[in-house]
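Trainee: Below is a structure I'd like to ask you about.
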Amino acid sequence: MNADFLWGGAIAANQVEGAWKDDGKGESISDHITAGTKTSPRRFTKEVREGEHYPSHHAIDFYHHYKEDIALFGQMGFQVLRLSIAWTRIFPMGDEEKPNQKGLDFYHAVFAECKKWNIRPLVTLSHYEMPYHLCQAYGGWQNRKVIDFFLRYCRTVFTEYQDEVDLWLTFNEMNTLVSRFGTLLGAGILPEDGADMFGLGRMQTPETKEEMQARFQALHHQFVASAKAVALAHEINPKNRVGCMLSAAGVYPYTCSPDDMLEAQWQMKKSNWFCGDVCIRGAYPYYMERFFEENAIVIVGKTEDADILKKGCVDFFSFSYYTSRCVTRNAEVQKTAGNMMLGVQNPYLKASEWGWIIDPKGLRYLLNAIYDRYQIPVMLVENGLGAVDQLTEDGCIHDDYRIAYLKAHIEQMKEAMKDGVDLIGYTPWGCIDLVSASTGEMKKRYGFIYVDLDNEGKGSGKRIKKDSFYWYQKCIASHGEEL
Ligand code: BG6
């Protein structure tokens, strides 16, 4: 691999920072989501309830451990750290005129620490942590006013950190809004009190016309916000490089029947290409028109905002990759869930303990498909295995299963690069154990670094290097040669 390939890891504020009320931070949407498990869903509550466990409130307390944690990343040889800024530390309610100085100071301190270790920050502007007030008072992203609040926040952080950050991502997994999974965390549209986070209960019934309309309108507002943020980032600092961030998965037809082929083609367009096309090509793609028409979706501003979208194309494509999925139009075949996507079981592949299909070769397939389509630099900013780890009596974690997973994926990245894909970096997810987004658990661990906390947030919080820590250190030092 090239010496300028960026190796690192990825985290998000709401899953690591904790300190949910410290130094003026406001409540985010994630602060209203309870813990769940593999079998019982996380729930949204309108008020923070006494006696309920909300994992983001304390998470792994990165807020007070960032020096120690970044030092560990530095020891592994990270060249890049993907992290998000909590919007609510900078604008606690979201609609204030002036930012919160203490919030700004915190990220200055974090970036300074990164600099000490020669780690380049890659900052996600919004990673499932929208100010809760904007959801309650404005209806989340379905309200156009939120674009201006977001841009005020962007202007503030682009200006404030112009000497510290030049790599940015706009919205984490923006394409989750294409399905109902993204309604709450992505779009900030609140369900009824106590509803399960992904609306799994509601999914038993067809989505109403109004819900679908609101979701696609919210997505349009994020397209506009993203495009404006890209233009603004370039204006404030011409060195800034801004990427889109999509949750991507290869889509395979379950059989070679033409029906399944057509379904796979459509799902690929709708879930993978639609948002990428808008962010990279700067316009709504032709194939969504029929879908909008058949579902009576009318996007306000779609025509008027065309010029904004054209002028705010991103510089690179970034994505999360955990799994591929298999689709069919045969209703008899059983569906499985995995990272906010529904598909059917692929008989050629195994799944993780949480039912996510493991498919390293699917990564090579997808990287080629992405690069074929866009021909701009690509970065893999999330990937990894969520697994239960055992701490041995002598204080070790032998996570050979995680090493095997990452090794297989890096091998396929290398193949894709030999195929000609311009892959510029890799930041595996949850480089330090953190709160799982889908289940709220701690025991679904991704890290190279173990954090001694259980699902209830109890434990010493001590950081312990896993076997994968030393493996990744070697991998980085050898530019991916020693796996
Ligand atoms: C991605 C999100 O969907 O998947 C992360 O961007 C999330 O926030 C990651 O943590 C892994 O999912 P989970 O549910 O295992 O934490």
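The values are calculated or read from the model by the stated rules, or taken from the named source; none is laboratory data. The structure displayed is predicted, hence computed values, not measured ones. We place every Cβ from the backbone using ideal geometry, glycine too, and count neighbours over all the protein chains shown. Protein only, heavy atoms only, side chains kept; ligands, DNA and RNA dropped before computing areas. Shrake-Rupley method; radii C 1.70, N 1.55, O 1.52, S 1.80 Å.
Trainee: Any chance region 20-32 includes a residue that's of a type in the set (V, I, T), farther than 16 Å from S438 by Cβ and either part of a loop (DSSP other than H, G, I, E, B) or open to solvent by less than 10 Å² (accessible area, probe 1.4 Å) (or both)? Steps first, answer last, please.
Mentor: First pass over region 20-32, keeping only residues of a type in the set (V, I, T): 29.
So of that shortlist, the ones also farther than 16 Å from S438 by Cβ come out as none.
Among the residues of region 20-32, not one is of a type in the set (V, I, T), farther than 16 Å from S438 by Cβ and either part of a loop (DSSP other than H, G, I, E, B) or open to solvent by less than 10 Å² (accessible area, probe 1.4 Å) (or both), which makes the answer no.
Yes or no, residue by residue, for (1) open to solvent by less than 50 Å² (accessible area, probe 1.4 Å); (2) modelled with pLDDT under 95:
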| position | (1), (2) |
| --- | --- |
| T37 | no, yes |
| V48 | no, no |
| P55 | yes, no |
| I70 | yes, no |
| G77 | yes, no |
| F91 | yes, no |
| G94 | yes, no |
| L104 | yes, no |
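Trainee: Okay, next question. Looking at region 380-403, can you tell me whether even one residue there is under 18 Å from S247 (Cβ atoms), of a type outside the set (A, V, I, L, M) and open to solvent by 20 Å² or more (accessible area, probe 1.4 Å)?
Mentor: Within region 380-403, the subset under 18 Å from S247 (Cβ atoms) is 380-386.
Retained after the next criterion (residues that are of a type outside the set (A, V, I, L, M)): 382-384, 386.
If we keep only those that are open to solvent by 20 Å² or more (accessible area, probe 1.4 Å) as well, we get none.
No, that holds for no residue.
Trainee: Now, a different point. Just name the residue that is farthest from L219 (Cα to Cα) out of those in region 151-187 that are within 16 Å of the ligand (Cβ to nearest atom) and hydroxyl-bearing (S, T, Y).
Mentor: Here the answer is T170.
Trainee: What are the residues in region 332-364 that are open to solvent by 70 Å² or more (accessible area, probe 1.4 Å), at pLDDT 90 or above and within 15 Å of the ligand (Cβ to nearest atom), if any?
Mentor: The answer is E353, and nothing else.
Trainee: Is at least one residue of region 181-198 outside any loop (DSSP other than H, G, I, E, B) and within 20 Å of R144 (Cβ to Cβ)? Show your work before the answer.
Mentor: Residues of region 181-198 outside any loop (DSSP other than H, G, I, E, B): 181-182, 196.
Still in the list and also within 20 Å of R144 (Cβ to Cβ): 182.
Yes; the residues of region 181-198 include at least one that is outside any loop (DSSP other than H, G, I, E, B) and within 20 Å of R144 (Cβ to Cβ).
Trainee: Here's something else I'd like to know. Could you please let me know if Y405 is in contact with a Lys or Arg (Cβ under 6 Å, 6 or more places away or on another chain) and of a type in the set (S, T, Y)? Can you show your working first?
Mentor: Details: in contact with a Lys or Arg (Cβ under 6 Å, 6 or more places away or on another chain): no; of a type in the set (S, T, Y): yes.
It is false that Y405 is in contact with a Lys or Arg (Cβ under 6 Å, 6 or more places away or on another chain) and of a type in the set (S, T, Y).
Trainee: (1) outside any loop (DSSP other than H, G, I, E, B); (2) at pLDDT 95 or above: which one isn't true of D389, the others all being true?
Mentor: The failed condition is (1).
Trainee: Here is a follow-up. Is there a residue in region 163-172 that is open to solvent by 10 Å² or more (accessible area, probe 1.4 Å), modelled with pLDDT under 95 and outside any helix (DSSP H, G or I)?
Mentor: no
Trainee: How many residues are touching a helix residue (DSSP H, G or I) at 6+ places or on another chain (Cβ under 7 Å) and either over 19 Å from E173 (Cβ atoms) or of a type in the set (G, A, S) (or both) if we restrict to region 250-275?
Mentor: Number satisfying all stated conditions: 5.
Yes/no matrix, rows are residues, columns are (1) part of a strand (DSSP E or B); (2) under 21 Å from the mean Cα position of the chain (by Cα):
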position	(1), (2)
M93	no, no
D105	no, no
P121	yes, yes
Q136	no, no
W141	no, yes
I147	no, yes
C154	no, yes
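Trainee: Against the condition modelled with pLDDT of 95 or more and open to solvent by 10 Å² or more (accessible area, probe 1.4 Å), how does S226 come out, does it pass?
Mentor: Numbers: modelled with pLDDT of 95 or more: yes; open to solvent by 10 Å² or more (accessible area, probe 1.4 Å): no.
No.
Trainee: With the checklist (1) in contact (Cβ under 8 Å) with a residue 12 or more places away in the chain; (2) away from the ligand (no atom under 16 Å from the Cβ); (3) surrounded by fewer than 19 Cβ atoms within 10 Å (Cβ to Cβ) in hand, flag the one item L367 doesn't pass.
Mentor: L367 satisfies every listed condition except (3).
Trainee: Let me ask another. Just give me the residues in region 448-482 being of a type in the set (S, T, Y) and under 24 Å from the mean Cα position of the chain (by Cα), in sequence order.
Mentor: Matches in region 448-482: Y450, S468, Y472.
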